[in-house]
2 protein chains.
Amino acid sequence: MSTFTTPKGTRDFYPEAMVFRDFIFDMWTQTCRRYCFEHIDAPLFEHFELYTQKSGEEIERQLYTFVDKGGRKLALRPELTPSVARMVAAKGTSLKRPIRWYSIPRLFRYERMQKGRLREFFQLNMDILGIAEVSADAELIAAVIAMMTDLGLDKDDFSVLISSRTLLEELFVASGFAQAELPALYALLDKKPKMSAEEFERKLNEQLHDPARAATIQKVFSYETLDDIEKDFAGIQPLADLMQLFSYLTALGLAEYVRFDIGIVRGLAYYTGIVFEVFDKHKSMRAVAGGGRYDNLVSLYGGQSTPAVGFAAGDVVLGDLLMSRGIAPPVQARADVYLAEFAETHPRYSLELASLLRSHRISVEYSLKSTGFGKQMKQINALGIPLVVIAGSQEAERNTVKVKDMRSGEEEIVDKSRLIAKLSDLLSHR
Amino acid sequence: MSTFTTPKGTRDFYPEAMVFRDFIFDMWTQTCRRYCFEHIDAPLFEHFELYTQKSGEEIERQLYTFVDKGGRKLALRPELTPSVARMVAAKGTSLKRPIRWYSIPRLFRYERMQKGRLREFFQLNMDILGIAEVSADAELIAAVIAMMTDLGLDKDDFSVLISSRTLLEELFVASGFAQAELPALYALLDKKPKMSAEEFERKLNEQLHDPARAATIQKVFSYETLDDIEKDFAGIQPLADLMQLFSYLTALGLAEYVRFDIGIVRGLAYYTGIVFEVFDKHKSMRAVAGGGRYDNLVSLYGGQSTPAVGFAAGDVVLGDLLMSRGIAPPVQARADVYLAEFAETHPRYSLELASLLRSHRISVEYSLKSTGFGKQMKQINALGIPLVVIAGSQEAERNTVKVKDMRSGEEEIVDKSRLIAKLSDLLSHR
């Protein structure tokens, strides 16, 4: 029965895996709310043209596309940004600026399977729209750092590497390159970290057909600091913007998390300013998150021109990083209270107690079939449930129960009228 | 640009709509945890055969199917139950019984659009697997009632109508029907509430070709209480099970929410025992939720025989019901504190304050570009933010801030070292 498996590149989430996923999503949500971002979502599939509008026809290679029964060509979303741009474009100026939106989309890419990559995965997306100033870039980078530190990672675990597309453009154009050459160059430069130095040199020469121009590229990529660049290109605007950005990040107390790295290019064509990627400190994994400025996208979808900056972080690489650091959600018992009973007890009293506890927001597990007391105690231990309420026939007659605290081993007979107070007291001592 | 709209039958979730969706999902999650259900999920698409195995080839009519680039025939999930059965079957006995699982899947059905139906929607699914006893049916019905009441609905708003497939089967077989006739009969009976009495009679005669047999069906459907049935069919097991179920539900304090209704059939072929549906009190809408026992499904997917009972509740009808009752999530301000500043202030002090507040879990909004103070106050009022921290150049020099409580109008100059204590105090008075 080989068809009864998950499709290639997808995952089942049994409870243990789901606790981990929920932990990440809950922490993401907390960070986003503290940074005043509002939650949004869009359809899971969109008209195919939404994606070609932004990325060209070649995007189809990595899309799950299909034609529905009404003849519409649709695609499972590979990213949320086109949907966000469509949503902003559709509402025009009726959305108050700045727009601060977050989402946790489930996404699909038909890609070759490899470490850190699945065909079905999740992302955190955070976007600020309506602010052209570099203060928005700083705010967004502060948010991505908070997302990482809220999860328990710190500056020894990760860095945010920052560069600027407009800076690269100015440097390349000043070095004699034509604008039209740049997109292909960015695509190559984005793959540089995954190549050996020799391979990169060979590909660069293939693309440029000119050793002198290739050397220029290598020179640009050898700049290590903004000060080094300023010596050669004083007073250019992208450099001033980057310096402003680092000054804001320093004021936010984040200097130790961030670093200029001219090697950060981002493959996608639509970035228009500052770009950044978050890497684990050893750069042994793919990027945990990446983003930047995309001021032209909303107008590409027919909206009014809207400056924008955003990032996306995937759940797969981040999950691997958290596990490699031993970070996991706290273990929680499935219930506060186990309601034990004896086979001979009429269930009416147990069910009444279960309702009573639940109406006071106390979670209750009980055996759904006649089971020996020993077996029930085994389950209580296996599930780590802290409190047991024992309602035998004697207790039922007297309107009492026996309460046992599994942590201390203490037992007490409690009148039903005092039960909620007693349990609340014991549960507050966790 | 007509392609830049949502595909037919799908929705954008702008922040306002998303607050409503999150409210429903959060309440669902709370109910499930209090009832000790564990969260799970499965891939968004599955191998096509997973669905035909349960529902036959005709299911394709309402599926979004596609062939991926590897030649696999896949389908967007129209329900989660086949995935749940696959997951349980795959793990065999290594999953501890009883299994109590919940999920909030996003689902897809290519259906004719009508009130309460979309092509992309969400469900709450709750399932108990491993318990054959009717106590599990009672527990699950208690959970669906808690889900409704936790959302603010009460017994004047909805009822749970309960019947039994095995009861119907016994009554029909005792009345001379063959087992093989029953699935087609269930499909017709499930549609009865949507037809006029005349239309139903006509269709019934078409199907049975025998007025006497049609009259038998009408007689079975005229039973109003379990006692009425017992007079004609004393001592049959399905009747005893239903009576046991109602006795448990009464012990749980839920008698006023539940009612026997022989007209509840459920269209799907796979139910094997008790079935139920949740309706708004006026039955003016589609069912809010429906479920029942499906003891054969896990073995259909190659697993060991596992008794099971579950229900699903959709977000669309439930959302309509909540809105018709005026139930909505509490309005929340986007931030606890707005950090106001004057154009001439060096942003360094503001950014330092923003970091300070956020490190103490206080959410902060501030203007990301130079804006007049009046415009900032307008935004504070529009967003309903309760507290304002004003950091002008004078305050920056003295390491103080002015704190303004927008609710009382009171202002106070506070030393930076006392700021967190002051804000925490003010925020605790909400």
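No value in this document is a laboratory result; all are computed from the given coordinates. The shown structure was predicted, so the numbers you read here are calculated from the model rather than taken from an experiment. Using ideal geometry, Cβ is built from the backbone for each residue, glycine included, and neighbour counts are taken over all protein chains shown.
Compare the peptides A:89-97, B:102-110, A:63-71, B:318-326 by average per-residue count of other Cβ atoms within 10 angstrom and give them in order, highest first.
B:102-110, B:318-326, A:63-71, A:89-97
Nothing charged except the Cβ atoms of Lys and Arg (+1) and of Asp and Glu (-1): what's the magnitude of the dipole of segment B:337-428 about its Cα centre? Round to the nearest 20 debye.
On the way: 13 positive and 12 negative charges, 52 e Å.
Charge dipole of segment B:337-428: 240 debye, to the nearest 20.
In the assembly of identical copies, B:Ser284 has its label point, taken 7 Å from Cα in the direction of the beta carbon, separated from the corresponding points by 6.3 nm (ascending, one decimal). The phi-based Karplus calculation (6.51 cos²θ - 1.76 cosθ + 1.60; θ = phi - 60°) puts the 3J(HN,Hα) values of segment B:59-71 at 4, 3, 3, 10, 9, 8, 10, 7, 9, 7, 5, x, x Hz, whole numbers, x for Gly and Pro. Panel order for B:Asp228, B:Asp190, by other beta carbons found within 10 Å of each beta carbon, from fewest to most: B:Asp228, B:Asp190.
The angle between the Cα long axis of helix B:211-220 and the main principal axis of chain B comes to about 50°, on a 0 to 90 degree scale. When only Cα pairs below 8 angstrom with a gap of at least 6 residues are kept, segment A:15-324 shows a relative contact order of 24 percent. Taking the square roots of five times each eigenvalue of the Cα gyration tensor of segment A:68-222, the equivalent ellipsoid has semi-axes of 32, 22, 21 Å, listed largest first.
Each copy carries a label point for A:Arg117 at 7 Å from Cα toward Cβ; from one copy, the others' points are 4.1 nm away, ordered from shortest.
Between B:Gly176, B:Gly263, B:Gly310, the residue with the greatest mean-square fluctuation in the GNM of chain B (Cα pairs under 10 Å linked by springs) is B:Gly176.
Beyond a 19 Å Cα-Cα separation, which of these cross-linked pairs lie in this structure: B:Lys375/B:Lys404; A:Lys194/A:Lys283; B:Lys203/B:Lys231; A:Lys375/A:Lys416? Cα-Cα > 19 Å for B:Lys203/B:Lys231; A:Lys375/A:Lys416; rest within. For chain A, the spread of Cα coordinates along the three principal axes comes to 94, 55, 49 Å, biggest extent given first. Neighbouring Cβ atoms from other chains, within 10 Å of the Cβ of residues in B:40-51, number 6 on average.
Trypsin sites (Lys or Arg not before Pro), restricted to segment B:223-305: which are DSSP loop and have at most 16 other Cβ atoms within 10 Å? Don't skip to the answer; put the middle values down first.
Values: sites: B:Lys231, B:Arg259, B:Arg266, B:Lys281, B:Lys283, B:Arg286, B:Arg293; in loops: B:Arg266, B:Lys281, B:Lys283, B:Arg286.
Listed in order of number, the matching sites are B:Lys281, B:Lys283.
Among the listed pairs A:Lys8/B:Lys69; B:Lys402/B:Lys422; A:Lys378/B:Lys91; A:Lys69/A:Lys91, those whose Cα-Cα separation exceeds 23 Å are A:Lys69/A:Lys91.
Just the Kirkwood number for segment A:62-135, please: inverse of mean 1/r across all distinct Cα pairs, in Å, one decimal.
Working: mean 1/r = 0.0683 Å⁻¹.
In segment A:62-135 this quantity evaluates to 14.6 Å.
Most mobile of A:Leu140, A:Leu168, A:Leu185 per a Gaussian network model of chain A (Cα springs, under 10 Å)? Of the options given, A:Leu185 has the highest mean-square fluctuation.
Determine the sum of side-chain charges near B:Phe23: Lys and Arg each +1, Asp and Glu each -1, restricted to other residues whose C-beta is under 13 angstrom from that of B:Phe23.
Working: positive: B:Arg21; negative: B:Glu16, B:Asp22, B:Asp26, B:Asp150, B:Asp315.
Charge balance in the 13 Å sphere: -4.
Between B:Gly290, B:Gly314, B:Gly302, the Gaussian network model of chain B with springs among Cα atoms under 10 angstrom shows the greatest mean-square fluctuation at B:Gly302.
Within segment B:259-367, antiparallel bridges make up roughly 75 percent of the DSSP beta bridges whose residues both belong there. In this simple spin-label model, placing a label point 7 Å from the Cα along the Cα-to-Cβ direction at both A:Gln332 and B:Ser247 gives a separation of 3.6 nm. Distance from the B-onto-A rotation axis is smallest for the Cβ of the chain B residue given, in whole Å, as B:Phe66, 2. Local charge sum around A:Phe200 (other residues, Cβ-Cβ under 15 Å, Lys/Arg +1, Asp/Glu -1)? Net local charge, A:Phe200 excluded: +2.
Taking the Cβ of B:Ile99 as the centre, find all other residues whose Cβ is under 9 Å away and add up their charges (Lys, Arg: +1; Asp, Glu: -1). Present the calculation step by step, with values, prior to reporting the outcome.
Numbers: positive: B:Lys96, B:Arg97, B:Arg100; negative: B:Glu38, B:Asp127.
With Lys, Arg at +1 and Asp, Glu at -1, the neighbours total +1.
The slack between A:Met323 and A:Ala197, meaning 0.36 nm per residue of separation minus the straight C-alpha distance, is 42.2 nm.
Given their separation in residues at 0.36 nm each and the Cα-Cα distance between them, B:Glu133 and B:Thr29 gain 34.9 nm when the chain is fully extended. Taken over the Cα atoms of the protein assembly as shown, the convex hull encloses 192 Å³ per residue. Once you order the gyration tensor axes a ≥ b ≥ c over the Cα atoms, which shape class does segment A:219-322 get: rounded for a/c under 1.5, otherwise prolate or oblate by comparing a/b with b/c? Note, shape of segment A:219-322 comes out oblate.
DSSP beta bridges in segment A:15-324, what fraction antiparallel, as a percent rounded to 5? If we restrict to bridges inside segment A:15-324, about 90 percent are antiparallel. How would segment B:5-63 be classified by its alpha-carbon gyration tensor: rounded, prolate or oblate, with rounded meaning a/c under 1.5 and the a/b versus b/c comparison settling the rest? Here segment B:5-63 falls in the oblate category. Computed over the alpha carbons of segment B:337-428, Rg followed by Dmax gives 11.9, 33 Å. Approximating the spin labels as points 7 Å out from Cα along Cα→Cβ, the A:Ala421-to-A:Glu57 distance works out to 7.8 nm.
Distances between copies at B:Glu352, taken between label points 7 Å from Cα along the C-beta direction, are 6.6 nm in increasing order.
Of all DSSP beta bridges confined to the protein assembly as shown, the antiparallel ones make up roughly 80%. An ellipsoid equivalent to segment B:272-424, defined through the eigenvalues of its Cα gyration tensor, has semi-axes of 55, 20, 13 Å when rounded to whole angstrom and sorted largest first.
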